[in-house]
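Undergrad: My questions will all concern the structure given below.
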Amino acid sequence: MKKTKSIALVALLVLIVGFIYYYIALPPINIHAKGFWYFVISVLAIVTILCLITTVIKNVKSHDQIRNINNLALNSSDFKSKQVLISFGITLVAIVIFIIGSVLSSPIVNASKYQKLINIETRDFSTDIEEISYNEIPLLDKESATLLGSRKMGSMVEYVSQFEVSNAYTQINYNNSPVRVTPLEYGSLYKWISNQSEGIPAYIRIDMATQDVDCIKLESGIKYSKSDHFGRNIYRYLRFKYPTYIFDEPSFEIDESGVPYWVCPVKDYTIGLFGGETISNVVLVNAITGKHTNYKVEDVPTWIDHVYSADLLISYYDYYGTLKHGYWNTLFSQKDCLKTTEGYNYIVLDDDVWVYTGVTSVGGDESNVGFILMNQRTAETRYYSISGAEEYSAMSSAEGQVQHLGYKATFPLLLNIDNEPTYFIALKDEAGLVKKYAMVNISKYQVVAIGDSALECEKTYTALLRNSGITVSQESETLTITGTITKIAQAVIDGNSHYYVMLNNSDEIFDVTIGNVIDMLKYDVDSTVTFSYKKGTDSNTVISIGETVQ
């Protein structure tokens, strides 16, 4: 009877401790998850310890001299309880399986499999990366977006006392514009208790091109989030709905209608127990209602941008670039070993978000042999063989142009300017505000242009390309157009007066620099003019004006 009670007590304690551990740590019930093995080994270790304790207590009570523990005949027979031996043996077996599984899943014995985790297509830069308008380019980095979000939150007096801004700031392609979105979150447990019935009332949306910040207020609040507790915590909600799934970090996104969702990639392992990580499914959770849908990775809606994390995609290329001649080559001779550079950025291409980073040799030089673009929805990877400056060398070159101002460069974006691969860099002051922009030629990083706006920076840069002979004076064709002026706007840029003119028979904008084309002062709205101009990206540059005032 006593034996039965002791077994029941041990079992009850194990169940209680195991449930608490599971509820907090949320390990998936899946042999491919290391968290599952930690959970199993921990439970087995607890069982072994409890069995050992009950055995010692039993042996102690069987002796008369309890006070003098040194006189106890604690020989091997005292500990040879079946429960202790069995639980200890099972624990040891689990540890051995975990260690062997880790080794057999590693690149040490599976170099060729790791090297083939992705297929890489070599592409042409000028064909894939077309010249795009600056309203499609993210001019801010995450740090600047975080600063703008915090300032916006500080102006929302109805929310600031109860909520904080999450640091998620997921970059997505929203209605063909690069934006970052992040939810509000509860300020504390007490504030969650006070507000959880109505949920989180809003999220922040930042246009990375225009730098506009909007607080999107919801008719019904977000009920499932990372800052929620108990069953509404998104991690716990996913675990109890999908107990065997190994989830990657959920991303906060919005669909084309602005409805908030959690995009939750499901990991799969294709090499041994723990190796060859990939994504097999995506669970989409409506952040307001909790409604969830399980998609195969190839069937996810096209508005979703974050299926494969940037770190996972970059690890794929690092395996591809370093393991061409096996694992030991990466440690010793390092023949033909390539790796990604430190840092990455995002660009929008083909209605998807792509991760950009450079490719360099493992020798630690300051030049790139090319760069890659990796699609975060499909994992498609493109390689472009373009040698030139490594990103941090370009950043230093840009900072050198404004060293008297103390501005710091952000990690570059990759642009096509006049069919030249070009780093586009924002320059920030000590407060984290973007003050200027720089363009650095990848092949010749001594060619650096600085401007107060992206457009002015481009004009200076294209002039430098021609003066340096990089574009070999490939002047654009001079065109003419005759029309009636419908609108004139004036601006002063870098001390020069500009007239921006629109005509009745064209939707394009014509830029007239008064210092170069003084005759523009003779014309006004409803005048008929003939412009000789050169085609531009956002506006056309007027060279001369004809016709008479009407």
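The values are calculated or read from the model by the stated rules, or taken from the named source; none is laboratory data. The model shown is predicted, which means the values in this text are computed figures rather than measured ones. Note that each Cβ is placed from the backbone with ideal geometry, even for glycine, and that neighbours are counted across all protein chains shown. Quick note on the areas: whole protein, heavy atoms, side chains included, nothing else; ligands and nucleic acids left out. Shrake-Rupley method; radii C 1.70, N 1.55, O 1.52, S 1.80 Å.
Undergrad: Quick check on the chain: helices-only [θ] at 222 nm, where DSSP H runs of length 4 and up contribute -39,500 (n - 2.57) each and the sum goes over total residues. Nearest 500, please.
TA: So the calculated ellipticity at 222 nm is -9000 deg cm²/dmol.
Undergrad: I've got another one for you. Counting other Cβ atoms within 10 Å of each Cβ, which trypsin sites (Lys or Arg not before Pro) in segment 416-476 have at most 16 and sit in a DSSP loop? Let's see the in-between values first.
TA: Numbers: sites: LYS428, LYS435, LYS436, LYS444, LYS459, ARG466; in loops: LYS444.
In loop regions of segment 416-476 (DSSP not H, G, I, E or B), the sparsely surrounded trypsin sites (Lys or Arg not before Pro) are LYS444.
Undergrad: Mind giving me the nanometre distance, one decimal, between the label points for ILE100 and ALA25, set 7 Å out from Cα along Cα→Cβ?
TA: 2.2 nm
Undergrad: Give me the percent of accessible area attributable to carbon and sulfur for the chain, probe 1.4 angstrom.
TA: Numbers: 14650 of 27180 Å².
Looking at the chain in its full context, I get 54 percent from C and S.
Undergrad: Another question, then. Among the GluC sites (Glu not before Pro) within segment 79-169, which fall in a DSSP loop and have no more than 13 other Cβ atoms within 10 Å of their own Cβ? List each step's numbers first, then the result.
TA: Working: sites: GLU121, GLU130, GLU131, GLU136, GLU143, GLU158, GLU164; in loops: GLU130, GLU131, GLU158.
Those that pass, being in a loop and sparsely packed, are GLU130, GLU131, GLU158.
Undergrad: To test your reading of the geometry: what angle, between 0 and 90 degrees and rounded to tens, separates the Cα axis of helix 142-154 from the longest principal axis of the chain?
TA: So the inclination is approximately 90 degrees.
Undergrad: Under 8 Å for C-alpha pairs, at least 6 residues apart: give me the relative contact order for the chain, rounded to a whole percent.
TA: Details: 1032 pairs, mean separation 52.8, N = 550.
With pairs under 8 Å counted, the relative contact order is 10 percent.
Undergrad: Mind listing the Cα extents of segment 287-335 along all three principal axes, in Å, largest one first?
TA: For segment 287-335, the Cα extents along the three principal axes come out at 55, 19, 16 Å.
Undergrad: Write out the GluC sites (Glu not before Pro) in segment 387-462 meeting two conditions: DSSP loop, and at most 15 other Cβ atoms within 10 Å of their Cβ. Mind showing how you got there, number by number?
TA: Values: sites: GLU390, GLU391, GLU399, GLU430, GLU456, GLU458; in loops: GLU390, GLU430.
Loop-located and lightly packed - GLU430.
Undergrad: Now for a separate question. Skip the ligands, DNA and RNA, and give the accessible area per residue of segment 442-518 with a 1.4 Å probe, whole Å². Intermediate values should be presented prior to the final figure.
TA: Details: 4170 Å² over 77 residues.
Value returned for segment 442-518: 54 Å² of accessible area per residue.
Undergrad: In addition: Between helix 2-25 and the chain, what is the angle of the helix's C-alpha long axis to the longest principal axis, kept within 0 to 90° and rounded to the nearest 10?
TA: Computed tilt is about 0 degrees.
Undergrad: As a test of understanding, state the convex hull volume per residue of segment 178-297 from its alpha carbons, in Å³.
TA: Details: hull volume 15.5 nm³, N = 120.
It is 129 Å³ per residue.
Undergrad: Can you pull the three principal axis extents for the Cα set of segment 256-380, in Å, largest first?
TA: 55, 34, 19
Undergrad: Hey, with R₀ at 30 Å, roughly what FRET efficiency would THR537 and SER367 work out to, going by the Cβ-Cβ distance, to 0.05?
TA: Working: r = 29 Å, r/R0 = 0.96.
The calculated FRET efficiency here is 0.55.
Undergrad: In Å², what does the accessible area per residue of segment 253-309 work out to with a 1.4 Å probe?
TA: On the way: 1990 Å² over 57 residues.
Per-residue accessible area for segment 253-309 comes out at 35 Å².
Undergrad: Angle, helix 391-401 long axis vs. longest principal axis of the chain, Cα atoms, 0 to 90°, nearest 10?
TA: Between the helix axis and the principal axis of the chain, the angle is about 50 degrees.
Undergrad: Given R₀ = 60 Å, what would the calculated FRET efficiency be for ILE493 paired with ILE49, taking r from the Cβ atoms and rounding to 0.05? Mind dumping the intermediate values first?
TA: Numbers: r = 74 Å, r/R0 = 1.24.
Working from the Cβ atoms, E equals 0.20.
Undergrad: Note down the Stokes-Einstein diffusion coefficient of segment 100-175 in µm²/s, whole number, using a Kirkwood radius over alpha carbon pairs, 25 °C, and 0.890 mPa s. Before the final figure, lay out the partial values.
TA: Numbers: Rh = 17.9 Å.
Diffusion coefficient, whole number: 137 µm²/s.
Undergrad: Volume per residue, Å³, of the convex hull around the alpha-carbon atoms of segment 349-502?
TA: Convex hull of Cα atoms, per residue: 180 Å³.
Undergrad: Taking a temperature of 20 °C and a viscosity of 1.002 mPa s, what whole-number D in µm²/s does Stokes-Einstein yield for the chain with Rh from Kirkwood over alpha carbon pairs?
TA: On the way: Rh = 28.2 Å.
This corresponds to a translational diffusion coefficient of 76 µm²/s.
Undergrad: Continuing with this model, one more query. So, for segment 335-403, what is the accessible surface per residue at a probe of 1.4 Å, expressed in square angstrom?
TA: On the way: 2520 Å² over 69 residues.
Value returned for segment 335-403: 36 Å² of accessible area per residue.
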